[in-house]
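The values are calculated or read from the model by the stated rules, or taken from the named source; none is laboratory data. Keep in mind that what you see is a predicted model, and the values were worked out from it rather than measured. Cβ atoms come from the backbone with ideal geometry, glycine included; neighbour counts cover every protein chain shown. The accessibility values were calculated without ligands, DNA or RNA, using every heavy atom of the protein model including side chains. Shrake-Rupley method; radii C 1.70, N 1.55, O 1.52, S 1.80 Å.
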Amino acid sequence: MSEAIYISGTGSYLPEKILTNQDIAKTVDTSNEWIVERTGIESRHIASEAETTSYMGFMAARAALADANLTSADVDMVILATMAPDMICPSTACIVQKLLGCRPIPAMDVGAACSGFMYILELARNFLLGSKNYKNILIIGSEKLSAMVDWEDRSTCVLFGDGAGAVIVSKGDHNGILDVFIGADGSGANLLTIPAGGSARPASEGTIKARNHYIKMDGREVFRNAIKYMGESINIILKRNDLTVDDVALVIPHQANMRIINMVAERANINRDRLFCNLNRRANTSAASIPIALNEAISSGKIKAGDLILLVAFGAGMTWGASIIKWK
Ligand code: ACO
(Lines give C-alpha, C1' and ligand atoms only; values in the text may rest on other atoms or scores of the structure.)
Protein backbone atom coordinates (compact mmCIF):
# COMPACT_ATOMS: atom_id res chain seq x y z
CA MET A 1 0.00 0.00 0.00
CA SER A 2 1.65 3.25 -1.07
CA GLU A 3 -0.52 5.63 0.91
CA ALA A 4 -0.93 5.57 4.68
CA ILE A 5 -4.33 5.47 6.38
CA TYR A 6 -4.58 5.47 10.14
CA ILE A 7 -6.89 6.04 13.10
CA SER A 8 -6.10 9.56 14.32
CA GLY A 9 -8.69 9.74 17.12
CA THR A 10 -11.35 7.74 18.97
CA GLY A 11 -14.25 8.69 21.23
CA SER A 12 -17.34 7.19 22.78
CA TYR A 13 -20.53 8.18 24.56
CA LEU A 14 -22.65 6.15 26.95
CA PRO A 15 -25.92 7.31 28.51
CA GLU A 16 -25.82 7.89 32.25
CA LYS A 17 -28.72 5.57 33.06
CA ILE A 18 -27.75 1.97 33.82
CA LEU A 19 -30.27 -0.87 33.73
CA THR A 20 -29.22 -4.02 35.58
CA ASN A 21 -30.42 -7.58 34.98
CA GLN A 22 -32.20 -7.34 38.33
CA ASP A 23 -34.09 -4.26 37.05
CA ILE A 24 -35.23 -6.20 33.95
CA ALA A 25 -36.27 -9.17 36.10
CA LYS A 26 -38.85 -6.88 37.74
CA THR A 27 -40.71 -6.46 34.43
CA VAL A 28 -40.23 -9.75 32.49
CA ASP A 29 -39.90 -13.40 33.55
CA THR A 30 -36.11 -13.68 33.72
CA SER A 31 -33.29 -13.66 36.29
CA ASN A 32 -29.81 -12.24 36.70
CA GLU A 33 -28.48 -15.81 36.81
CA TRP A 34 -30.06 -16.79 33.48
CA ILE A 35 -28.84 -13.67 31.69
CA VAL A 36 -25.28 -13.90 33.07
CA GLU A 37 -25.00 -17.62 32.33
CA ARG A 38 -26.40 -17.44 28.76
CA THR A 39 -24.90 -14.10 27.68
CA GLY A 40 -22.31 -12.73 30.14
CA ILE A 41 -24.29 -9.47 30.38
CA GLU A 42 -24.80 -7.87 33.83
CA SER A 43 -26.01 -4.36 32.94
CA ARG A 44 -26.43 -1.98 30.02
CA HIS A 45 -26.70 1.78 29.42
CA ILE A 46 -30.13 3.09 28.40
CA ALA A 47 -30.64 6.42 26.63
CA SER A 48 -33.07 9.07 27.83
CA GLU A 49 -35.57 10.65 25.43
CA ALA A 50 -33.09 13.43 24.64
CA GLU A 51 -30.25 10.97 23.99
CA THR A 52 -31.12 10.14 20.40
CA THR A 53 -28.90 8.14 18.05
CA SER A 54 -27.76 11.43 16.44
CA TYR A 55 -27.04 13.08 19.82
CA MET A 56 -24.98 10.11 21.09
CA GLY A 57 -23.14 9.96 17.74
CA PHE A 58 -22.44 13.69 17.95
CA MET A 59 -21.04 13.38 21.48
CA ALA A 60 -18.79 10.45 20.50
CA ALA A 61 -17.66 12.36 17.39
CA ARG A 62 -16.76 15.44 19.46
CA ALA A 63 -14.61 13.29 21.73
CA ALA A 64 -12.90 11.61 18.74
CA LEU A 65 -12.16 15.00 17.12
CA ALA A 66 -10.65 16.29 20.37
CA ASP A 67 -8.55 13.10 20.64
CA ALA A 68 -7.27 13.66 17.07
CA ASN A 69 -6.55 17.36 17.76
CA LEU A 70 -8.95 18.24 14.95
CA THR A 71 -12.09 20.36 14.70
CA SER A 72 -15.30 19.84 12.73
CA ALA A 73 -13.78 22.09 10.02
CA ASP A 74 -11.23 19.34 9.32
CA VAL A 75 -13.84 16.64 8.64
CA ASP A 76 -14.27 15.79 4.94
CA MET A 77 -17.06 13.19 5.22
CA VAL A 78 -19.37 11.69 7.86
CA ILE A 79 -20.37 8.01 7.62
CA LEU A 80 -22.63 6.63 10.34
CA ALA A 81 -23.60 3.00 10.90
CA THR A 82 -26.82 2.26 12.77
CA MET A 83 -29.86 0.02 12.91
CA ALA A 84 -31.69 2.59 15.05
CA PRO A 85 -31.67 5.80 12.95
CA ASP A 86 -33.43 8.86 14.38
CA MET A 87 -35.84 8.59 11.44
CA ILE A 88 -36.07 6.54 8.23
CA CYS A 89 -35.37 9.78 6.34
CA PRO A 90 -33.16 11.84 6.45
CA SER A 91 -29.98 9.99 7.36
CA THR A 92 -28.77 10.31 10.96
CA ALA A 93 -25.33 11.22 9.53
CA CYS A 94 -26.82 14.46 8.12
CA ILE A 95 -28.18 15.34 11.57
CA VAL A 96 -24.77 14.69 13.18
CA GLN A 97 -23.07 16.79 10.46
CA LYS A 98 -25.39 19.69 11.36
CA LEU A 99 -24.84 19.23 15.14
CA LEU A 100 -21.07 19.31 14.61
CA GLY A 101 -21.29 22.42 12.40
CA CYS A 102 -19.29 20.83 9.57
CA ARG A 103 -18.80 22.34 6.12
CA PRO A 104 -21.31 21.02 3.48
CA ILE A 105 -19.38 17.75 3.24
CA PRO A 106 -20.97 14.42 2.27
CA ALA A 107 -22.84 12.58 5.04
CA MET A 108 -24.51 9.19 4.84
CA ASP A 109 -25.80 6.24 6.84
CA VAL A 110 -24.82 2.61 6.28
CA GLY A 111 -26.99 -0.31 7.37
CA ALA A 112 -25.00 -3.43 8.20
CA ALA A 113 -26.39 -3.99 11.73
CA CYS A 114 -23.77 -5.27 14.20
CA SER A 115 -21.10 -5.39 11.45
CA GLY A 116 -21.75 -1.73 10.62
CA PHE A 117 -18.45 -0.49 12.02
CA MET A 118 -16.43 -2.89 9.82
CA TYR A 119 -18.36 -1.68 6.77
CA ILE A 120 -17.80 2.05 7.46
CA LEU A 121 -14.13 1.43 8.25
CA GLU A 122 -13.71 -0.19 4.83
CA LEU A 123 -15.65 2.64 3.14
CA ALA A 124 -13.55 5.33 4.82
CA ARG A 125 -10.32 3.51 3.98
CA ASN A 126 -11.26 3.26 0.31
CA PHE A 127 -12.50 6.85 0.01
CA LEU A 128 -9.17 7.99 1.46
CA LEU A 129 -7.04 5.65 -0.67
CA GLY A 130 -8.99 6.33 -3.86
CA SER A 131 -9.46 10.10 -3.83
CA LYS A 132 -7.45 13.25 -3.36
CA ASN A 133 -10.56 15.04 -2.05
CA TYR A 134 -10.63 13.53 1.44
CA LYS A 135 -8.12 13.70 4.28
CA ASN A 136 -10.15 13.02 7.45
CA ILE A 137 -13.29 10.89 7.50
CA LEU A 138 -15.45 10.68 10.63
CA ILE A 139 -17.00 7.24 11.09
CA ILE A 140 -19.56 6.65 13.81
CA GLY A 141 -21.45 3.65 15.17
CA SER A 142 -24.43 4.89 17.19
CA GLU A 143 -27.38 2.88 18.46
CA LYS A 144 -30.46 3.61 20.56
CA LEU A 145 -31.49 -0.03 20.63
CA SER A 146 -33.67 0.46 23.71
CA ALA A 147 -36.16 2.06 21.30
CA MET A 148 -36.07 -0.95 18.97
CA VAL A 149 -36.37 -3.87 21.43
CA ASP A 150 -39.64 -5.34 22.64
CA TRP A 151 -39.50 -4.85 26.40
CA GLU A 152 -42.13 -7.64 26.72
CA ASP A 153 -39.90 -10.19 24.90
CA ARG A 154 -37.45 -11.68 27.41
CA SER A 155 -35.47 -13.47 24.70
CA THR A 156 -34.30 -10.19 23.13
CA CYS A 157 -34.77 -7.33 25.61
CA VAL A 158 -31.99 -8.60 27.88
CA LEU A 159 -29.37 -8.54 25.11
CA PHE A 160 -29.06 -4.93 23.95
CA GLY A 161 -27.80 -1.55 25.18
CA ASP A 162 -27.40 2.04 23.93
CA GLY A 163 -24.28 4.06 23.11
CA ALA A 164 -22.01 5.44 20.41
CA GLY A 165 -18.39 5.18 19.33
CA ALA A 166 -16.57 7.34 16.79
CA VAL A 167 -13.27 7.12 14.97
CA ILE A 168 -11.42 9.59 12.75
CA VAL A 169 -9.75 7.83 9.83
CA SER A 170 -7.02 10.03 8.33
CA LYS A 171 -4.45 10.10 5.60
CA GLY A 172 -1.06 10.52 7.18
CA ASP A 173 2.31 9.16 7.91
CA HIS A 174 1.19 5.98 9.71
CA ASN A 175 0.13 2.85 7.89
CA GLY A 176 -2.40 1.98 10.57
CA ILE A 177 -5.35 0.25 8.91
CA LEU A 178 -3.58 -2.63 7.19
CA ASP A 179 -6.66 -4.40 5.86
CA VAL A 180 -10.44 -4.73 6.18
CA PHE A 181 -12.49 -7.72 5.04
CA ILE A 182 -16.31 -7.53 4.80
CA GLY A 183 -18.94 -9.97 3.59
CA ALA A 184 -22.67 -10.70 3.59
CA ASP A 185 -25.17 -13.47 2.89
CA GLY A 186 -28.72 -12.22 2.33
CA SER A 187 -30.12 -15.75 2.54
CA GLY A 188 -30.02 -15.21 6.32
CA ALA A 189 -31.90 -11.91 6.15
CA ASN A 190 -34.85 -13.37 8.06
CA LEU A 191 -32.82 -14.30 11.16
CA LEU A 192 -32.89 -10.86 12.75
CA THR A 193 -35.39 -8.27 11.54
CA ILE A 194 -37.50 -5.28 12.46
CA PRO A 195 -40.35 -6.39 10.21
CA ALA A 196 -42.58 -3.29 10.03
CA GLY A 197 -42.10 0.43 9.54
CA GLY A 198 -40.35 0.14 6.17
CA SER A 199 -41.99 0.30 2.74
CA ALA A 200 -42.77 -3.45 2.62
CA ARG A 201 -44.90 -3.24 5.77
CA PRO A 202 -45.67 0.41 6.52
CA ALA A 203 -46.80 1.30 10.03
CA SER A 204 -50.48 0.52 10.65
CA GLU A 205 -52.69 -0.28 13.60
CA GLY A 206 -52.15 -3.99 12.76
CA THR A 207 -48.35 -3.79 12.72
CA ILE A 208 -48.36 -1.96 16.05
CA LYS A 209 -50.73 -4.51 17.65
CA ALA A 210 -48.48 -7.35 16.38
CA ARG A 211 -45.45 -5.56 17.90
CA ASN A 212 -43.76 -5.75 14.51
CA HIS A 213 -41.80 -2.52 14.96
CA TYR A 214 -39.49 -4.30 17.38
CA ILE A 215 -36.48 -6.59 16.89
CA LYS A 216 -37.42 -10.22 16.09
CA MET A 217 -34.64 -12.76 16.27
CA ASP A 218 -33.97 -16.45 15.79
CA GLY A 219 -31.39 -16.49 18.61
CA ARG A 220 -30.07 -20.01 18.04
CA GLU A 221 -29.45 -19.51 14.31
CA VAL A 222 -27.86 -16.09 14.92
CA PHE A 223 -25.63 -17.73 17.53
CA ARG A 224 -24.57 -20.54 15.16
CA ASN A 225 -23.85 -18.20 12.24
CA ALA A 226 -22.01 -15.66 14.41
CA ILE A 227 -19.51 -18.35 15.46
CA LYS A 228 -19.10 -19.59 11.88
CA TYR A 229 -18.62 -16.22 10.16
CA MET A 230 -16.56 -14.53 12.88
CA GLY A 231 -14.22 -17.54 12.78
CA GLU A 232 -14.00 -17.45 8.97
CA SER A 233 -13.41 -13.67 8.95
CA ILE A 234 -10.49 -14.08 11.38
CA ASN A 235 -8.94 -16.82 9.22
CA ILE A 236 -9.34 -14.84 5.99
CA ILE A 237 -7.89 -11.57 7.29
CA LEU A 238 -4.92 -13.29 8.96
CA LYS A 239 -4.15 -15.47 5.96
CA ARG A 240 -4.26 -12.73 3.37
CA ASN A 241 -1.89 -10.59 5.48
CA ASP A 242 0.54 -13.48 6.12
CA LEU A 243 -0.13 -13.29 9.86
CA THR A 244 -0.96 -15.81 12.55
CA VAL A 245 -3.05 -15.22 15.63
CA ASP A 246 0.19 -15.07 17.67
CA ASP A 247 1.16 -11.85 15.85
CA VAL A 248 -1.95 -10.11 17.24
CA ALA A 249 -1.65 -8.26 20.57
CA LEU A 250 -5.37 -7.67 21.14
CA VAL A 251 -8.60 -8.98 19.61
CA ILE A 252 -11.67 -6.76 19.89
CA PRO A 253 -14.72 -8.81 18.92
CA HIS A 254 -18.25 -7.48 18.47
CA GLN A 255 -19.77 -7.64 21.95
CA ALA A 256 -22.90 -9.77 21.44
CA ASN A 257 -22.65 -12.71 23.80
CA MET A 258 -19.79 -14.02 25.94
CA ARG A 259 -20.49 -17.59 24.82
CA ILE A 260 -20.12 -16.53 21.16
CA ILE A 261 -16.87 -14.68 21.95
CA ASN A 262 -15.45 -17.62 23.94
CA MET A 263 -16.27 -20.17 21.24
CA VAL A 264 -14.79 -17.97 18.48
CA ALA A 265 -11.66 -17.41 20.59
CA GLU A 266 -11.30 -21.10 21.42
CA ARG A 267 -11.56 -22.17 17.77
CA ALA A 268 -9.06 -19.49 16.67
CA ASN A 269 -6.63 -20.28 19.54
CA ILE A 270 -6.91 -16.77 21.00
CA ASN A 271 -5.90 -16.61 24.68
CA ARG A 272 -8.37 -14.97 27.08
CA ASP A 273 -5.76 -12.33 28.05
CA ARG A 274 -5.64 -11.11 24.45
CA LEU A 275 -9.42 -10.64 24.18
CA PHE A 276 -10.98 -7.27 24.99
CA CYS A 277 -14.49 -7.59 26.44
CA ASN A 278 -16.78 -4.98 28.01
CA LEU A 279 -20.00 -6.84 27.24
CA ASN A 280 -20.82 -7.38 30.93
CA ARG A 281 -21.38 -3.62 31.44
CA ARG A 282 -22.37 -2.51 27.90
CA ALA A 283 -24.44 -5.43 26.47
CA ASN A 284 -24.79 -5.55 22.68
CA THR A 285 -24.66 -2.03 21.21
CA SER A 286 -24.59 -3.34 17.62
CA ALA A 287 -22.62 -1.01 15.30
CA ALA A 288 -21.36 0.97 18.31
CA SER A 289 -19.88 -2.03 20.13
CA ILE A 290 -16.45 -2.18 18.43
CA PRO A 291 -15.68 1.58 18.42
CA ILE A 292 -16.79 1.85 22.09
CA ALA A 293 -14.60 -1.14 22.98
CA LEU A 294 -11.66 0.23 20.96
CA ASN A 295 -11.92 3.56 22.76
CA GLU A 296 -12.05 1.80 26.14
CA ALA A 297 -9.11 -0.47 25.27
CA ILE A 298 -7.01 2.59 24.35
CA SER A 299 -8.00 4.60 27.46
CA SER A 300 -7.30 1.66 29.76
CA GLY A 301 -3.77 1.29 28.32
CA LYS A 302 -4.42 -2.12 26.71
CA ILE A 303 -3.02 -0.98 23.36
CA LYS A 304 0.62 0.05 22.88
CA ALA A 305 2.35 1.69 19.92
CA GLY A 306 3.19 -0.89 17.28
CA ASP A 307 0.58 -3.44 18.47
CA LEU A 308 -1.43 -5.35 15.89
CA ILE A 309 -5.14 -5.28 16.72
CA LEU A 310 -7.74 -7.58 15.22
CA LEU A 311 -11.37 -6.41 15.03
CA VAL A 312 -14.09 -8.92 14.12
CA ALA A 313 -17.88 -8.64 13.84
CA PHE A 314 -21.07 -10.43 12.80
CA GLY A 315 -24.56 -9.00 12.45
CA ALA A 316 -28.01 -9.10 10.90
CA GLY A 317 -28.16 -9.34 7.15
CA MET A 318 -26.25 -11.60 7.61
CA THR A 319 -23.14 -9.44 7.55
CA TRP A 320 -19.62 -9.90 8.88
CA GLY A 321 -16.15 -8.42 8.75
CA ALA A 322 -12.68 -8.20 10.26
CA SER A 323 -9.80 -5.75 10.24
CA ILE A 324 -6.11 -5.67 11.12
CA ILE A 325 -4.84 -2.39 12.55
CA LYS A 326 -1.26 -1.53 13.42
CA TRP A 327 -1.50 0.94 16.29
CA LYS A 328 0.32 4.22 15.78
N1 ACO B 1 -34.75 -15.40 30.77
C2 ACO B 1 -35.13 -16.64 31.08
N3 ACO B 1 -35.41 -17.56 30.14
C4 ACO B 1 -35.29 -17.20 28.86
C5 ACO B 1 -34.89 -15.92 28.47
C6 ACO B 1 -34.61 -15.00 29.50
N7 ACO B 1 -34.21 -13.73 29.22
N8 ACO B 1 -34.84 -15.86 27.13
C9 ACO B 1 -35.21 -17.07 26.67
N10 ACO B 1 -35.48 -17.88 27.72
C11 ACO B 1 -35.92 -19.27 27.71
C12 ACO B 1 -36.60 -19.65 26.42
O13 ACO B 1 -37.97 -19.28 26.47
C14 ACO B 1 -36.41 -21.14 26.42
O15 ACO B 1 -37.37 -21.70 27.26
P16 ACO B 1 -38.09 -23.09 26.86
O17 ACO B 1 -36.97 -24.10 26.81
O18 ACO B 1 -39.05 -23.30 27.99
O19 ACO B 1 -38.73 -22.85 25.54
C20 ACO B 1 -35.05 -21.33 27.09
O21 ACO B 1 -34.77 -20.10 27.76
C22 ACO B 1 -33.94 -21.63 26.12
O23 ACO B 1 -34.04 -20.71 25.03
P24 ACO B 1 -32.98 -20.68 23.90
O25 ACO B 1 -33.38 -19.64 22.90
O26 ACO B 1 -32.71 -22.05 23.40
O27 ACO B 1 -31.71 -20.18 24.74
P28 ACO B 1 -30.24 -20.05 24.26
O29 ACO B 1 -29.34 -20.83 25.12
O30 ACO B 1 -30.12 -20.21 22.76
O31 ACO B 1 -29.94 -18.51 24.59
C32 ACO B 1 -29.85 -16.39 23.47
C33 ACO B 1 -30.74 -17.50 23.98
C34 ACO B 1 -29.09 -15.80 24.64
C35 ACO B 1 -30.71 -15.34 22.79
C36 ACO B 1 -28.85 -17.00 22.46
O37 ACO B 1 -29.52 -17.74 21.48
C38 ACO B 1 -28.02 -15.94 21.78
O39 ACO B 1 -27.26 -15.24 22.41
N40 ACO B 1 -28.12 -15.85 20.46
C41 ACO B 1 -27.37 -14.82 19.73
C42 ACO B 1 -28.23 -13.63 19.67
C43 ACO B 1 -27.47 -12.36 19.54
O44 ACO B 1 -26.40 -12.16 20.08
N45 ACO B 1 -28.08 -11.48 18.81
C46 ACO B 1 -27.56 -10.17 18.69
C47 ACO B 1 -27.65 -9.62 17.35
S48 ACO B 1 -26.63 -10.33 16.16
C49 ACO B 1 -25.17 -10.21 16.84
O50 ACO B 1 -24.88 -9.21 17.45
C51 ACO B 1 -24.22 -11.29 16.65
Open item on the list: Helix check for the chain. Which DSSP H runs span at least 20 Å along their own axis by Cα, with a mean Kyte-Doolittle hydropathy no less than 0.0?
Closed with: 53-67, 116-130
Task: the chain - accessible surface per residue (Å², probe 1.4 Å) - done: 42
TODO: First select every other residue whose beta carbon is under 11 angstrom from the beta carbon of Pro85; then total the charges, Lys and Arg +1, Asp and Glu -1.
DONE: -2
Task: Whole-number percent relative contact order across the chain, with pairs defined as alpha carbons under 8 Å at least 6 apart - done: 26
Task: Label point distance in nm, Ala200-Ala50, each placed 7 Å from Cα along Cα→Cβ - done: 3.8
Task: Kirkwood hydrodynamic radius of the stretch 4-174, from inverse mean 1/r over distinct Cα pairs, in Å - done: 16.7
Task: Neighbourhood net charge (14 Å Cβ-Cβ; Lys/Arg +1, Asp/Glu -1) for Glu232 - done: +4
- [ ] Mind listing the long-range amide H neighbours of Ala4? Cut-off is under 5 Å, sequence gap 5 or more, other chains count too, H placed in the peptide plane at 1.01 Å from N.
- [x] Gly172
Task: Listed pairs Lys17/Lys304; Lys216/Lys239; Lys239/Lys302 exceeding 29 Å between Cα atoms - done: Lys17/Lys304; Lys216/Lys239
TODO: Using a cut-off of under 15 Å, list every residue of the stretch 186-226 whose amide N is near the label point 7 Å from the Cα of Thr27 along the Cα-to-beta-carbon line.
DONE: 214-215
Open item on the list: Can you show me the helix-derived [θ] at 222 nm for the chain, built from DSSP H runs with n ≥ 4 at -39,500 (n - 2.57) apiece and divided by the number of residues, rounded to the nearest 500.
Closed with: -9500 deg cm²/dmol
TODO: With both partners inside the stretch 4-174, how many of the DSSP beta bridges are antiparallel, as a percent to the nearest 5?
DONE: 70
TODO: Pop a pseudo-label 7 angstrom from the Cα along the beta-carbon direction at both Ala147 and Val36 and give the gap in nm to one decimal.
DONE: 3.3
Open item on the list: Can you return the aspartates and glutamates within cross-link range of Lys209? Criterion is Cα-Cα under 15 Å, with same-chain partners fewer than 8 residues away left out.
Closed with: Asp150, Glu152, Asp153
- [ ] At 7 Å along the Cα-to-beta-carbon direction for both Asp246 and Thr71, put a label point, then send me their distance in nm to one decimal.
- [x] 5.0
TODO: Find the relative contact order for the stretch 179-326 and round it to a whole percent, using C-alpha pairs within less than 8 Å whose residues are 6+ positions apart.
DONE: 36
Task: Cross-link partners of Lys132 among lysines (Cα-Cα below 25 Å; sequence separation of 8 or more within a chain) - done: Lys98, Lys171, Lys326, Lys328
Open item on the list: Test of understanding: in a Gaussian network model of the chain with alpha carbons linked when under 10 Å, which of Ala47, Ala189, Ala93 would top the mean-square fluctuation ranking?
Closed with: Ala189
Task: Per-residue HN-Hα couplings for the stretch 163-176 [Karplus 6.51, -1.76, 1.60; θ = phi - 60°; Hz; x = Gly/Pro] - done: x, 8, x, 9, 9, 9, 9, 10, 7, x, 9, 10, 9, x
TODO: Report, by chain and number, residues whose modeled amide H sits under 5 Å from the one on Lys135, excluding near sequence neighbours (fewer than 5 apart, same chain).
DONE: Asp76
Task: Counted charge near Ser8, where neighbours are those whose Cβ lies closer than 11 Å (Asp, Glu -1; Lys, Arg +1) - done: 0
Open item on the list: At 1.4 Å probe size, with the rest of the protein present, what percent of the exposed accessible area of the stretch 89-184 is carbon and sulfur atoms?
Closed with: 57
- [ ] Could you please tell me the mean projected area of the C-alpha convex hull for the stretch 107-213, averaged over all directions and given in square nanometres to one decimal?
- [x] 9.0
- [ ] Starting from the eigenvalues of the Cα gyration tensor, five times each then square-rooted, give me the equivalent ellipsoid semi-axes of the chain, largest first, whole Å.
- [x] 29, 24, 18
Open item on the list: If you split all Cα-Cα distances of the stretch 186-328 into 5 Å bins from zero, what percentages do you get per bin, shortest first?
Closed with: 2, 9, 18, 20, 17, 12, 8, 6, 4, 3, 1, 0
TODO: May I ask you to compute the full-extension gain from Asn190 to Lys209, defined as 0.36 nm times their residue separation minus their alpha-carbon distance, rounded to one decimal in nm?
DONE: 4.8 nm
